[in-house]
Amino acid sequence: MNRDGNWFAGKNDAVGQSMERIAPVDGTNPDNWYTSLGYECGRIGTPGVENSIPDKTPPNITLVNDFIGVNDDIVFSFNEPIDIPTFFISVVGPYHGVILRYTITCGGSGLGASFEPDNPLQVGAYSIRVKCRDPSDNLAERDFVLTVVGEPEPSPTATTTPAPTPTPTPSSTPKIVINELMPNPIGTDRGNETTELYNCGGEPVDIGGWVLKNEDGATYNIPAGTTIEPYGYYLTAKVQLDNGDGQVLLYHNGEEVDSSIEYTHSTEGVSWQRRIDGRDTDSDGDWIERDSTFGLSG
């Protein structure tokens with residue numbers, strides 16, 4: 001106990017939560033104790049087994065789009081779910097004016113947030129400060145610089161009668177994209193190199209018979225009857241991924257539907273993934289290397 005006769009951690013409540021030591025030494029340091037996260041025999045604790053491990057790591061905050069247009073939203077992502085009510089953001093504009101009116105939308109998973117000002121932003125550099133906590137009450141705080149650029153002015157042209165706009169032909173292929181790759185998993189690569197597909201639409205899509213191909217031409221035929229639910233995922237470890245200079249391509253009825261980033265390197269245990277699920281502008285800027293989110297909103 002501490003000098004006041006109280007425990008450093010733990011709770012003597014209806015359930016009962018044990019006090020557990022983080023390191024085997026220095027039992028007099030109150031910071032070396034925490035309230036158990038384990039469960040045994042109707043009590044919160046780990047008697048007779050290894051102590052539970054408290055989460056002491058703050059969430060990592062990423063500014064997804066640090067260059068935006070005057071009408072674009074500001075998008076953030078997190079490497080773990082956050083406690084949404086603790087999310088706080090301040091935005092100071094190029095003339096030191098605080099943006100007072102805006103809307104923040106957080107994804108239900110707590111892994112992303114979108115900041116939408118009520119009026120178009122002014123061109124210039126903005127200072128952004130973001131704070132949030134994870135469910136274990138670890139505080140994260142980061143400062144970012146956001147650059148807002150103006151919309152390009154149209155080039156002057158001679159006045160002509162505009163040609164009628166042709167009616168677009170509806171696409172016969174549903175929007176399925178290659179969404180995430182794990183070329184270099186921790187441990188054995190073969191059989192653990194994962195490719196994720198994502199359904200960008202609101203209808204289920206039967207991808208049976210579609211083909212995945214790597215940069216060496218090795219193919220994998222997706223089994224018949226395989227369906228991706230709306231805004232859902234399909235994962236496979238049947239495609240061999242090189243650790244460097246690799247790419248994956250997706251085909252439907254012999255036509256290329258999508259291709260991944262042509263990655264030049266990989267980091268063990270870290271995946272290549274789209275910054276936002278399904279975002280496809282045919283740019284390498286759509287992709288980022290970070291902790292995997294297979295089967296989850298990224």
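Figures for the structure shown
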{"item": "Those residues of region 244-262 which are among the acidic types (Asp, Glu), open to solvent by 30 Å² or more (accessible area, probe 1.4 Å) and closer than 20 Å to Tyr234 by Cα, in sequence order", "result": "Glu255, Glu256"}
{"item": "Output for region 87-114, where each listed residue is open to solvent by 40 Å² or more (accessible area, probe 1.4 Å), modelled with pLDDT of 75 or more and closer than 30 Å to Phe294 by Cβ", "result": "Phe88"}
{"item": "Flag if Asp55 is part of a loop (DSSP other than H, G, I, E, B), out of contact with any Phe, Trp or Tyr (no Cβ under 9 Å at 6 or more places or on another chain), modelled with pLDDT of 75 or more and of a type in the set (D, E, K, R)", "result": "no"}
{"item": "Region 226-241, residues that are in a loop (DSSP other than H, G, I, E, B) and exposed (fewer than 13 other Cβ atoms within 10 Å of the Cβ)", "result": "Glu229, Pro230"}
{"item": "The lone exception for His265 - which of (1) modelled with pLDDT of 95 or more; (2) open to solvent by 40 Å² or more (accessible area, probe 1.4 Å) it fails", "result": "(1)"}
{"item": "Condition met for Ala158 (open to solvent by less than 100 Å² (accessible area, probe 1.4 Å), over 20 Å from Arg274 (Cβ atoms), at pLDDT below 55 and assigned to a loop (DSSP other than H, G, I, E, B))", "result": "yes"}
{"item": "Search result, residues across region 126-149 that are within 16 Å of Val75 (Cβ to Cβ) and either touching a helix residue (DSSP H, G or I) at 6+ places or on another chain (Cβ under 6 Å) or surrounded by 17 or more Cβ atoms within 10 Å (Cβ to Cβ) (or both)", "result": "Tyr126, Ile128, Val130, Cys132, Phe144, Leu146, Val148"}
{"item": "Identity of the residue in region 115-125, closer than 26 Å to Pro85 by Cα and in a strand (DSSP E or B), that ends up least open to solvent (accessible area, probe 1.4 Å)", "result": "Phe115"}
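The values are calculated or read from the model by the stated rules, or taken from the named source; none is laboratory data. On a predicted model such as this, the values are computed, not experimentally measured, just so you know. For neighbour counting, all protein chains shown are included, and Cβ atoms are generated from backbone atoms with ideal geometry for every residue, glycine included. Side chains are part of the model used for accessible areas, which takes the heavy atoms of the whole protein and leaves out ligands, DNA and RNA. Shrake-Rupley method; radii C 1.70, N 1.55, O 1.52, S 1.80 Å.
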